[in-house]
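Structure first, commentary second.
Read-outs: derived from the displayed coordinates by stated rules, not from any lab. Everything numeric here is computed off the predicted structure, so don't read it as measured data. FYI the Cβ positions are ideal-geometry reconstructions off the backbone, even for glycines, and counts take in every protein chain you see.
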Amino acid sequence: MYLHGMEPYISLTILHQKIKEGKFTLTTVVEHYLQRIDAESHLNAFIEVYKDEVRNLAPVINAKILNGTAGRLAGMVIGIKDLICYKDHGVSAGSRMLENYVSIFSATVVERLLDEDAIIIGRLNCDEFAMGGSNENSYFGHVKNFADNTKVSGGSSGGSAVAVQAGLCMAALGTDTGGSVRQPASFCGIIGLKPTYGRVSRHGIVAYASSFDQVGPLTKSVEDAALIMEIIAGHDDFDSTSSTFPVPKYSQELSFEGKKRIAYLPETLLSEGLDPEVKLLTETMIKRLQDEGHSVEPISFPYLDYVVPTYYILTTAESSSNLARYDGVHYGFRSPNAADLESTYKKSRSEGFGAEVKRRIMLGTFVLSAGHYASFYGKAQKVRRLIREKTEEILRDHDFILLPTSPGPAFGLGEKTDDPVVMYLADIFTVQASLAGIPAISLPVKNNSKGLPLGLQLIGKRFGEAELLSFSKYVMDMHMADQE
Ligand code: GLN
């Protein structure tokens, strides 16, 4: 499985060392990943692979590593979610609507990766316009979980998670509006971070719900997540919601000492539909951290039942506005069956969008309509504020909140597609941090009795990514030591 003495990817530092020692070249590395992508093409993680480009780029970056002029991500083979614009490359948001669309500019996050000599190997499958939690809403088909091909990848960044899980690239970028980085990461046994709202530029990201969307890394190690964050985070003149708050050197601030105050929410452990193994895993982690001398205490969060409805009212509202631009006239899919202006709009949108996207546009239009605005959209805005304030209040006295990432492990393909509400309810643990706009990370802690990965989530303080990452590394190291 590994070419010319290449070993499983561990970290970029080790990779650079081996290249400098002449153990292998970046060409070997790139060929290895291209071969892996071919061998696992049945997973359907990639929508497009940039074979020729990465083959041409590998020797150029290899030379830079050898002569000491390489950027901080030199040779990191990265996949990007098909929602992130890359100049002169297709970006389809998993939709027929943008099937043949080629981006005329690069997202800021892409420019920042390329400036540091990352190698972007292709674009990754996702739910259509990032709407979904299983990757079953993609126009390009579902993605299979590498741990069990009959299970979903999670979503919406399903291709990103499986590509890292299956070793088809070293790391990936996803986007997280209500859990789309964290939940697939937990289903695939990898790390996924959703940054604070405003930490990473949204310029060049196909919009779903603009007051929630954030780009985040999916990686095998906390170190890689920290390094990628350090590079993609920070103010951008092209995104007025991106913060000017200084970006710490996350990758150099990973050492952890001392004792932390952690809250867990008893409501999450009592919640209906929580898988017993996930519950046990959470309780075991609470106990384990207490044994290490951290304070881990129950703090009530009375709004848990309201997080999913609030999230879906607000995000459908925002998406109905964002997706109005796909009208068959400006760009994107235009129905060949249209005869006049009105039928161009109607048929292009009816044929170009999939069922879930249409459902959300209709729901969003409804909650924003004059007769219902106050009772739905207006009310949900107020509830969002309550959720945010309560969460911030908990985080004034505590460093982190610990909770499961998802109520269960990866579910079966087709298992939840009949009932959208069942699918929405599975987002119960990820949307709190999204509504509050604060950072949260999913850590791969254990496989369940059937060999499916389970993840635990830590929510941190606003712009507290550095603390969140260093504590995550501590938790992962502790966990590794326990396994030995
Ligand atoms: N599952 C959630 C939804 O469908 C989250 C999606 C996301 O974060 N992009 O809205």
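With +1 on the Cβ of every Lys and Arg and -1 on the Cβ of every Asp and Glu, and nothing else charged, how large is the dipole of the range 12-250 about its Cα centre, in debye rounded to the nearest 20? Please list the in-between numbers first.
Working: 21 positive and 26 negative charges, 105 e Å.
Magnitude of the dipole: close to 500 debye.
Order of Phe301, Phe46, Phe105, Phe129 from fewest to most other C-beta atoms within 10 Å? Before the final figure, lay out the partial values.
Details: Phe301 21, Phe46 24, Phe105 14, Phe129 31.
Listed from fewest to most nearby Cβ atoms, that is Phe105, Phe301, Phe46, Phe129.
Using the Kirkwood radius over Cα pairs, work out the Stokes-Einstein diffusion coefficient for the range 1-90 at 20 °C and 1.002 mPa s, in µm²/s as a whole number.
On the way: Rh = 14.1 Å.
Value of D from the Cα-based Kirkwood radius: 152 µm²/s.
Could you list which residues have their amide H under 5 Å from that of Ile47, counting only those 5 or more apart in sequence or on another chain, with H placed in the peptide plane?
Arg123, Leu124, Asn125
Just rank Tyr311, Tyr373, Tyr264, fewest to most, by other beta-carbon atoms within 10 angstrom. Walk me through the intermediate numbers first.
Numbers: Tyr311 27, Tyr373 14, Tyr264 23.
Fewest-to-most Cβ neighbours within 10 Å comes out as Tyr373, Tyr264, Tyr311.
Return the whole-Å distance between the Cα centroid of the range 318-383 and the Cα centroid of the range 213-277.
Each part's Cα centre sits 32 Å from the other's.
State the dimensionless ratio Rg/Rh of the range 12-250 (Rg: radius of gyration of Cα atoms; Rh: Kirkwood radius). The partial results should precede the final answer.
Numbers: Rg = 16.4 Å, Rh = 17.4 Å.
With Rg and the Kirkwood Rh in hand, the quotient comes to 0.94.
Please list, in chain and number order, the residues 5+ apart from Ala440 or on another chain whose amide H is under 5 Å from its amide H, with Hs placed from the backbone.
Lys194, Gly460
Quick check for you: which residues of the range 222-238 have the amide N under 17 Å from the point 7 Å beyond the Cα of Ser255 toward its beta carbon?
223
May I ask for the equivalent-ellipsoid semi-axes of the chain, computed as the square root of five times each C-alpha gyration tensor eigenvalue and listed largest first in whole Å?
Details: eigenvalues 200, 180, 83 Å².
Each semi-axis is √(5λ); the values are 32, 30, 20 Å.
Expressed in nm to one decimal, what extension gain is obtained for the pair Leu269 and Ala39 from 0.36 nm per residue of sequence separation less their Cα-Cα distance?
Details: separation 230, 0.36 × 230 = 82.80 nm, distance 4.02 nm.
Here the answer is 78.8 nm.
With the dipole of the range 12-250 worked out from charges on the C-beta (+1 for Lys and Arg, -1 for Asp and Glu) around the Cα centre, which of Ile14, Gly75, His89 lies farthest toward the positive end?
About the Cα centre, the residue reaching furthest to the positive side is Ile14.
Sequence neighbours fewer than 8 away in the same chain don't count; with that in mind, list the lysines whose C-alpha is under 30 Å from Lys347.
Lys81, Lys87, Lys358, Lys416
Taking the Cα-to-Cβ direction at Arg359 and at Gln483 and moving 7 Å from each Cα, how far apart do the two end points lie in nm?
Reported label-point gap for Arg359 and Gln483 is 3.6 nm.
Considering only the chain, what is the antiparallel percent among its DSSP beta bridges, to the nearest 5?
70
Determine the relative contact order of the chain: mean sequence separation of Cα pairs under 8 Å and six or more apart, normalised by residue count, in whole percent. It would help to have the intermediate numbers written out before the result.
Values: 1072 pairs, mean separation 77.1, N = 484.
Rounded, it is 16 percent for the chain.
When we measure straight from the Cα of Lys461, which aspartates and glutamates land under 20 angstrom away, once same-chain ones fewer than 8 places off are left out?
Asp176, Asp213, Glu223, Glu230, Glu253, Glu257, Glu297, Glu389, Glu392, Glu393, Asp397, Asp399
Which of the helices in the chain meet the span-like rule: DSSP H, Cα axial reach of 30 Å or more, Kyte-Doolittle mean at least 0.5? Kindly include the intermediate steps, with their values, before the conclusion.
On the way: long enough: none.
Span-like helices in the chain: none at all.
Sorted from fewest to most neighbouring beta carbons within 10 Å, what does the list Thr177, Thr282 look like? Walk me through the intermediate numbers first.
On the way: Thr177 27, Thr282 21.
Ordered from fewest to most neighbouring Cβ atoms within 10 Å, Thr177, Thr282 come out as Thr282, Thr177.
Taking Cα centroids, how far is the range 405-484 from the range 1-75 in Å?
Answer, in whole Å: 29.
Could you work out the relative contact order of the range 12-250, using alpha carbon pairs under 8 angstrom and six or more residues apart, expressed as a whole percent? Let's see the in-between values first.
Working: 575 pairs, mean separation 41.4, N = 239.
Relative contact order here is 17 percent.
Give, rounded to the nearest 20 debye, the magnitude of the charge dipole that the chain has about its Cα centre when Lys and Arg contribute +1 at Cβ and Asp and Glu contribute -1 at Cβ. Write out the running numbers ahead of the final one.
Details: 48 positive and 58 negative charges, 91 e Å.
My answer is approximately 440 debye.
PRE reach from Glu53 (point 7 Å along Cα→Cβ): which of the range 190-207 fall under 18 Å by backbone N?
Hits in the range 190-207 for Glu53 at 18 Å: 203-206.
Modelled label-to-label distance, Gln381 and Leu341, 7 Å Cα→beta-carbon offset: nm?
3.1
May I ask you to list the residues of the range 183-218 whose amide nitrogen lies under 18 Å from a point 7 Å from Cα along the Cα→beta-carbon direction of Phe245?
Zone members listed by number: 193-203, 211-217.
Whole-Hz Karplus ³J(HN,Hα) for the range 409-425, in order, using 6.51 cos²θ - 1.76 cosθ + 1.60 and θ = phi - 60°, x for Gly and Pro?
x, 3, 8, x, 4, x, 5, 10, 6, 6, 10, x, 5, 4, 5, 5, 5
Taking +1 at the Cβ of each Lys and Arg and -1 at the Cβ of each Asp and Glu, which of Ser319, Thr284, Ala107 sits farthest along the dipole of the chain towards its positive end, judged by Cα position relative to the Cα centre?
Projecting each Cα onto the dipole axis, the largest value belongs to Ser319.
If eta is 1.567 mPa s and T is 4 °C, what Stokes-Einstein diffusion coefficient results for the range 401-479, Kirkwood Rh from Cα pairs, in µm²/s? Working shown, then result.
Working: Rh = 13.9 Å.
This corresponds to a translational diffusion coefficient of 93 µm²/s.
Kirkwood-based Rg over Rh for the range 192-348 (C-alpha set), two decimals? All intermediate terms of the calculation are to be shown ahead of the outcome.
Numbers: Rg = 21.9 Å, Rh = 20.0 Å.
For the range 192-348, the value is 1.10.
Work out from phi, with θ = phi - 60° and the Karplus expression 6.51 cos²θ - 1.76 cosθ + 1.60, the ³J(HN,Hα) of each residue of the range 249-254, listed in order in whole Hz, and give x for Gly and Pro.
Couplings: 7, 3, 5, 9, 10, 8 Hz.
Suppose only helical runs count, i.e. DSSP H with n ≥ 4. What mean residue ellipticity at 222 nm does that imply for the chain under -39500 (n - 2.57) per run, divided by all residues and rounded to the nearest 500 deg cm²/dmol? Show your work: numbers first, answer last.
Values: 16 runs with 190 residues, N = 484.
Value at 222 nm, helices only: -12000 deg cm²/dmol.
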